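The values are calculated or read from the model by the stated rules, or taken from the named source; none is laboratory data. All of these numbers come straight from a predicted model, not from anything done at the bench. Surface accessibility is based on the protein's heavy atoms, side chains included, excluding ligands, DNA and RNA. Shrake-Rupley method; radii C 1.70, N 1.55, O 1.52, S 1.80 Å.
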Amino acid sequence: MNLNIREIEYILTIMGEGSITKASQKLFIAQPSLSQVLKRVENELGVTLFTRVKNRLKLTPEGEVFIDAGQRIMKVIDELEQNFSGLSTAQSGRLVVGVPYLLGTLIATDIIPVYRERFPQIELQLVESSSTELEQLLMDGAIDISVMPLPFKFNDFPYHLFLKSRMVLLTSRDNEIAEGAYRKAPGDRFPYIDITQLNNAPFIIGHPGQRIRTINEAIFKKARITPNIVMTSRNQETIKRMVANGIGYTFIPEHYLEIFGSFDYLDCYYLEPEVDYQWKVVTAYYDETHLPTAMQNFLDIMDEYYRTHFADPVFSDRG
């Protein structure tokens, strides 16, 4: 069977008008052309769809079957168009967002409520995992978009910059380096410290593969120090508590201080620029040539957060 949607629409119109003449006028096509369409459809199906009764076309039993099926087909097409329209205008659909465990708190607090308020029709699903696993989920299509720290491990994804922060050295209040701390400007939030004195000092860092560990290792390399790794943990809250108990030091992004909450029982120190590392969190996606409206709206809200908190008027999809 080789029929197209327009032919089905023409036959339905003939049925509704009761004559080819009236149907051709409604469809704005020539009567002979419409008659040829009807004949072609009947030949294709091997049946007669209409008989003439008192100058009016009447459906045959085969015609009734065709009309019933045609009406159902057109209803499905109409529903399909409405669904696509809803997706293109972000009136319906689903968006699956991946976030690292620690950043999930920030996204749930500052981003998701805004998105839900503006686009309540979108089903928003949050998937929390490690950055490495999120990269794989993004490549597999299991998530639509992902918030994650740079650098990427597997793929050079297109992205929007979401957060950026300098790194700070985190220590217990009872530490051996406080006497060597110094301030560069009266308004500095924290004093500076020369971390080259921390060669062979005890450090607590993340597990291999974690972005925060990669950044810690980059700082060790820039400062040319060899740390004594006394413990590792995937949980930054656990690392924070161990540091507070004097077990070792760690480097964390300054922005994490707001996510963690109270740091009254810890000391923080800035690093000199030549050994510091700019921590960047981005909103990554797989294909920049196709951005569904629901995804674009999420990116817009993330961009608003970045502009509000980091006062950088210029940013691009690729950071």
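Over the Cα atoms of the chain, compute the convex hull volume and normalise it per residue, giving Å³. Please report the intermediate quantities before stating the final value.
Values: hull volume 56.9 nm³, N = 319.
Dividing the Cα hull volume of the chain by its residues yields 178 Å³.
Would you list, by chain and number, the lysines whose Cα falls below 28 Å from the Cα of K22, excluding same-chain residues fewer than 8 positions away?
K39, K54, K58, K75
Based on the alpha-carbon gyration tensor of segment 10-63, what equivalent-ellipsoid semi-axes (square roots of 5 times the eigenvalues) come out, in whole Å, largest first? Please report the intermediate quantities before stating the final value.
Numbers: eigenvalues 56, 38, 14 Å².
The answer is 17, 14, 8 Å, longest axis first.
Please turn the phi angles of segment 149-154 into ³J(HN,Hα) values with the Karplus equation 6.51 cos²θ - 1.76 cosθ + 1.60 (θ = phi - 60°), one per residue in order, whole Hz, x for glycine and proline.
x, 7, x, 5, 9, 10
Quick check on the chain: of the DSSP beta bridges with both residues there, what percent are antiparallel, nearest 5%? Provide the component values of the computation, followed by the final result.
On the way: 24 of 39 bridges.
Beta bridges within the chain, antiparallel portion: roughly 60 percent.
How much mean residue ellipticity at 222 nm does the chain get from its helices, if each DSSP H run of length 4 or more adds -39500 (n - 2.57) and you divide by all residues, to the nearest 500 deg cm²/dmol? Kindly include the intermediate steps, with their values, before the conclusion.
On the way: 11 runs with 130 residues, N = 319.
After summing the helix terms and dividing by residue count, I get -12500 deg cm²/dmol.
Enumerate the amide H contacts of V127 below 5 Å, restricted to partners 5 or more residues apart or on another chain; note that Pro and chain-start residues carry no placed amide H.
Those qualifying (amide H under 5 Å, at least 5 residues apart or on another chain) are V97, G98, V99.
Excluding ligands, DNA and RNA, what is the solvent-accessible area per residue of segment 203-274 at a probe of 1.4 Å, expressed in Å²?
Averaged over the residues of segment 203-274, the accessible area is 44 Å².
Determine the order of T238, T289, T171 by accessible area, beginning with the largest, at a probe radius of 1.4 Å. Working shown, then result.
Values: T238 60, T289 120, T171 0 Å².
Solvent-accessible surface, decreasing: T289, T238, T171.
Averaging sequence separations of C-alpha pairs under 8 Å and six or more residues apart, then dividing by the length of the chain, give the relative contact order as a whole percent. Write down the numbers at each step before the final one.
Details: 485 pairs, mean separation 67.7, N = 319.
Relative contact order, the chain: 21 percent.
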